[in-house]
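Data block below; observations after.
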Amino acid sequence: MREYSKALSFYEKSLGIFQKTLPSNSPSLATSYINIGSVYDKMKEYSKALSFYERGLEIFQKSLPSNHLHLATSYNNIGSVYDKMGEYLKALSFLDKALEIREKALASSHPDLAQSYNNIGAVYCDMKDYSKALSYFERALSIFKRVLPSTHPNIKSVKESIEIVKEEIIKNK
């Protein structure tokens, strides 16, 4: 049902209310920016998504401890957008920050940690560094297999990614 314009309208109204009623460093204000960014991300309007994600991140950086999981999510969102824009080194920089926080803050079997490994693997795959991609995808799969049902789409997706990079490694020998 992808009613992005409706979603944007509601999120913008929410942002307007928060801007009038909350302090400029409120995490709720940051979340409003991030929500708008996520709609633009889904619409493939990546420069707009990046702008809103960055505004949210700035507020989180001012208002939360440096190891807070909201920061990891923000770094992850920004890194994913940079990947979609083909700016792989920037993507890795942000995704590595997200991973660093998640490795410290989450259990070693947490699905968000697996998602970080998967996202970094995807960037390495896009960069055609298939051996690094394989390493990250295998870490993601190991976690997903421990915590998700075997029929979960994340497991299927990572297995497909692993097959692709293995084929590329063989092809490029």
key: Count - residues of the stretch 106-127 that are in a helix (DSSP H, G or I) and either not polar (S, T, N, Q) or not assigned by TED's automatic domain parsing to the domain that holds ILE164 (or both)   = 12
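Here's the yes/no breakdown for (1) out of contact with any helix residue (DSSP H, G or I) (no Cβ under 9 Å at 6 or more places or on another chain); (2) touching a residue at least 24 places away in the same chain (Cβ under 8 Å); (3) over 17 Å from ASN25 (Cβ atoms):
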residue	(1), (2), (3)
LEU50	no, yes, yes
GLN61	no, no, no
LEU64	no, yes, no
ASN76	no, yes, yes
SER80	no, yes, yes
TYR88	no, yes, yes
LEU95	no, yes, yes
ILE101	no, yes, yes
message = Six or more apart or on different chains, Cβ atoms under 7 Å: show the pairs whose first residue is in the stretch 144-158 and assigned by TED's automatic domain parsing to the domain that holds SER116 and whose second is of a type in the set (Val, Ile, Thr) and surrounded by 12 or more Cβ atoms within 10 Å (Cβ to Cβ).
response = PHE144/ILE155; PHE144/VAL158; LYS145/ILE155; LEU148/ILE155
note = Only unsatisfied item for ASN25, checking (1) in a helix (DSSP H, G or I); (2) exposed (fewer than 15 other Cβ atoms within 10 Å of the Cβ), is (1)
key: Restricting the stretch 73-88 to residues that are not in a helix (DSSP H, G or I) and not small (Gly, Ala, Ser), the residue that is nearest to LYS132 (Cα to Cα)   = GLU87
ask   = Which one of the conditions (1) in contact (Cβ under 8 Å) with a residue 40 or more places away in the chain; (2) within 30 Å of GLU160 (Cα to Cα); (3) not assigned by TED's automatic domain parsing to the domain that holds ASP129 does PRO27 fail to meet, given that it meets all the rest?
value = (2)
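Give the residue, chosen from LYS128, LYS173, that is modelled with pLDDT under 95, over 19 Å from the mean Cα position of the chain (by Cα) and not hydroxyl-bearing (Ser, Thr, Tyr).
On the way: LYS128 fails: modelled with pLDDT under 95.
Among LYS128, LYS173, only LYS173 is modelled with pLDDT under 95, over 19 Å from the mean Cα position of the chain (by Cα) and not hydroxyl-bearing (Ser, Thr, Tyr).
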Test result for TYR130, outside the structural domain of TYR53 (by TED's automatic domain parsing), surrounded by 15 or more Cβ atoms within 10 Å (Cβ to Cβ), out of contact with any Ser or Thr (no Cβ under 9 Å at 6 or more places or on another chain) and more than 19 Å from SER66 (Cα to Cα) = yes
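The values are calculated or read from the model by the stated rules, or taken from the named source; none is laboratory data. Keep in mind the model is a prediction, meaning the values are calculated, not measured. So basically every Cβ, Gly included, is an ideal-geometry build from the backbone, and we count neighbours across all protein chains shown.
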